[in-house]
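Worksheet: the structure to be examined is printed underneath.
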2 protein chains.
Amino acid sequence: MRGYDATMATSPIAVPADPAPLAALLEAARAELPGVRLLTDEVDRESYRRDETAYLDAGLPGAVALPGTTADVAGLLRLASRHGVAVVPRGAGTGLSGGAAGIEGALTIALTRMDRILEIDRANLCVVTQPGVINATLKAAAAAEGLFYAPDPASYETCSIGGNLGTNAGGLCCVKYGQTRDAVLGLEVVLADGTVIRTGGRNVKDVAGYSLTHLFVGSQGTLGIITEATLRLRPAPGPRSTLLAFFADLDAAGEAVAGMTAAGLVPVTLELLDRETIAAVEDWHHLGLDTTAEAMLMVESDAPGAGAADEITRAEAACIAAGSHAVVRAADPQEADWLRQARRLALRALERQGTVRLEDVGVPRAAVPALLRAIARIAAAHGVRCATFGHAGDGNLHPNLIFAPDDPAAAELTHRVRDEIFRAALDLGGTVTAEHGIGAARREWLPIQRGDAAVAVMRSIKAALDPLGILNPGRVL
Amino acid sequence: MRGYDATMATSPIAVPADPAPLAALLEAARAELPGVRLLTDEVDRESYRRDETAYLDAGLPGAVALPGTTADVAGLLRLASRHGVAVVPRGAGTGLSGGAAGIEGALTIALTRMDRILEIDRANLCVVTQPGVINATLKAAAAAEGLFYAPDPASYETCSIGGNLGTNAGGLCCVKYGQTRDAVLGLEVVLADGTVIRTGGRNVKDVAGYSLTHLFVGSQGTLGIITEATLRLRPAPGPRSTLLAFFADLDAAGEAVAGMTAAGLVPVTLELLDRETIAAVEDWHHLGLDTTAEAMLMVESDAPGAGAADEITRAEAACIAAGSHAVVRAADPQEADWLRQARRLALRALERQGTVRLEDVGVPRAAVPALLRAIARIAAAHGVRCATFGHAGDGNLHPNLIFAPDDPAAAELTHRVRDEIFRAALDLGGTVTAEHGIGAARREWLPIQRGDAAVAVMRSIKAALDPLGILNPGRVL
């Protein structure tokens, strides 16, 4: 690779890379790939500089390519290999790890034009889709057939399937249905040299060879570019029953989660909001939430028939047994939708209060109360305001550090508090990222969490699949 | 690698490998690894020659090592790397793809002594186990805590967790709970050079780096040796409701499966037995099955509370709508256990009728009737008796070719019929192995199914992780 090194993604680029290789690529692309839209004006490129990882420096792409077909992507990667140009694969740009942020002078390939749902196969409960399809669009298309596409990131109305695949995106119903990887049956992937391969297919069981499907999902564009995916659908579940439970302390909420686990409940949603988050949501939406509570759980069931109401009754019992002082059921599906939407918009609610730095730690689920206490202690020690919400049923919490927009200490404080929270999560057997990804934002923590030897294995796989190092260099590894 | 090549595993070895490297390894192991049991007598080694893949030539191991600890395994692989000795990792030897069969003159490392369950973590719904634990032992230990370990190969009473991980083993309840890979949260793996790494952990969501966990599972010992696993448990489901439905033709049974899918049912078991298999089971167990039927479905539900009976009622309706002429519910849990056990022993029932050659094809589930027809047509064209049973809900069928024990044409016919069945499965978008593995038995079909470019990616990963090619050479790739 000419002109790129692994530090680029995380540090401001003082000296732009040699522009000659990219210029040569663009010239060849104009001649050989007429279907590819190329953006080279600075104003256009600027809008591809960042994803939604606001606190991360990002480079200005040297150019942006918008392919329309798999052959276009293959052609672009052949040229990138030939000319030694780094490539940043990008979906809708809603990522929270800097995985799709620009690299100064590199080529961003945005998959947004490849936005067709190719087939919904009702008989085999799967959908074949291009990567540029918006998650909500896929959900709606499945729903129109009486089917359900489960993966459900909070950003589902704007994020794309390709980005979901790249990050192995999570969301609100992982606790029952798993993450994006669990929904993938097969992929079409363009490798670094432009070779197109297929992995998996429409078989729900298939052990022929290594599971490349699982490897590509979550690799954030560092091993190949996903140009098509076959995703698992489910029969549409019935309407959800929804419960809110309020607790005077965090441990009681943690006990309620443990009680539901012990009772064998499998809720589709098991979310926790702390006092700060409850207040921010209430301040915006006026739902009548108990703003004196230290924690609120939101529990939903989509069990079939009478099962949903029954499961929520048992969840209510677990909450009361753990000391909940107020439990409320949604009066009807519309109210439930509204509560769920309010939870989804928790981040936006917090952003009304200042500049928010969102994190994404996870722990074994029994350690959620300990992690909540550690987060509160660390934030207090640094005098930083922190609101935490997240997927309690998965052990996945999102601490949000809130600053005044012009706070000059914010950047440094964020970094210090974040590192202490990461350390606390790892000390509890957890992870520095449960669903957002290592991307560019958490790279230095990967060897700390996984160990040098495991990261060396990842590097050897990266080197095997991308020997020139052109695919999203400096991300993940 | 000295003295080994990729053809070894599938062909009788005329010229044994150079014995000097193995002799040097054994000498060093005796001195440096006192905890390792070494078997060198021919009679001992002979019992490690084969797994349960009866129709495959297998080599006589030059020695067998039985390590007691991860450090022992690491020491053995360090020595194997140093001396260039090929290694065959082996569990209980129940595999059906020749993945753990001996390689002439190589070192078989059997993990059977590493048979301790290290911890059942109720609060985090997981178990930490060594690989030598028998699947049924793990199930029983989980059940004693009110929990459930789902993966459920038909051989569960004799197969080991390590082998299940190596092959990504399936079984009877995949249709609801997935394969072995879906139950794995983390691994400890010894790499080819003896380095020990950990992947994953107890977090249900964790996107830090590439998912090495998913890659090692199903790699049949060609990328590393799994020495510990953290596996997902579930709250124990309630007692099962069980239904048998008989059909006068295969298509009607296929329609019943499609009808259940369309109705949104999620049975825990959805098995199909064809006429030959029904007859063999009935002949052995005298259950009163309808031996005039062309197909029987066995449907089970473990939905909570009244849900199980409700789901079975809906399954019954789907079967009747598709034309089932006889539906029978198990009278009580004991009868249901007996029926399930009879299904599990279908292979043994067939083996009472002759020498059985078991295959393992899969198709997208809607193609099950087409695959059944193709299997029957191919068998008839070659005048071969064939009994088919399998996991209809997953699209996974096991055609069994039955020969007289002394039939001199069996080997050649098996090969020809098998290849035609594989081709038929692939023509339907299927796989040559849904749950048994490529191993040594199906290697030549891997590039046909996956394509040369995808197999080249697998080979590059193999070369990156095992540059000397000592780990189970000639298996999978």
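The values are calculated or read from the model by the stated rules, or taken from the named source; none is laboratory data. This is a predicted model, so every value here is computed, not measured. A quick note on method: Cβ atoms are made from the backbone with ideal geometry, for glycine too, and the neighbour counts reach across all protein chains shown. For the accessible areas, the whole protein counts, side chains as well, though only heavy atoms, and no ligand, DNA or RNA atoms are used. Shrake-Rupley method; radii C 1.70, N 1.55, O 1.52, S 1.80 Å.
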Residue-averaged beta-carbon neighbours from other chains (10 angstrom radius) around B:444-450: 3
Distance from the range A:412-477 to the range B:132-171 (C-alpha centre basis), Å: 33
With Cα atoms, 0 to 90° folded angle of helix A:307-321 axis to chain A main axis: 70
Acute angle (nearest 10 degrees) that the helix B:410-427 long axis makes with the longest principal axis of chain B, alpha-carbon atoms: 70
At 7 Å out from Cα toward Cβ: B:ALA411 inter-copy label distances (nm, ascending): 7.4
Cα pair distances exceeding 36 angstrom across chain B, given as percent: 30
0 to 90° range, to nearest 10: angle between helix B:250-262 axis and chain B longest Cα axis: 80
For the range B:200-250 and the range A:323-376, distance of Cα centres in Å: 30
Mean separation of Cα contacts under 8 Å, 6 or more apart, over the residue count of chain A: relative contact order %: 16
For chain B, calculated [θ]222 nm from helices alone, where every DSSP H run of n ≥ 4 adds -39500 (n - 2.57): -10500 deg cm²/dmol
With eigenvalues of the C-alpha gyration tensor scaled by 5 and rooted, the protein assembly as shown, Å: 43, 35, 28
P(r) tail fraction, the range B:117-235 - alpha-carbon pairs more than 23 Å apart, %: 21
Under-13-angstrom lysine pairs by C-alpha in the protein assembly as shown, whenever the two are 8 or more apart or on separate chains: 4
Averaged over A:304-314, number of beta-carbon atoms from partner chains that fall within 10 Å: 3
Exam field: B:GLU351 pseudo-label spacings to other copies (7 Å along Cα-Cβ), nanometres: 6.2
B:THR40 accessible area, 1.4 Å probe, all protein chains in place, Å² to nearest 10: 50
Average partner coverage of B:455-466, which counts Cβ from other chains inside 10 Å: 5
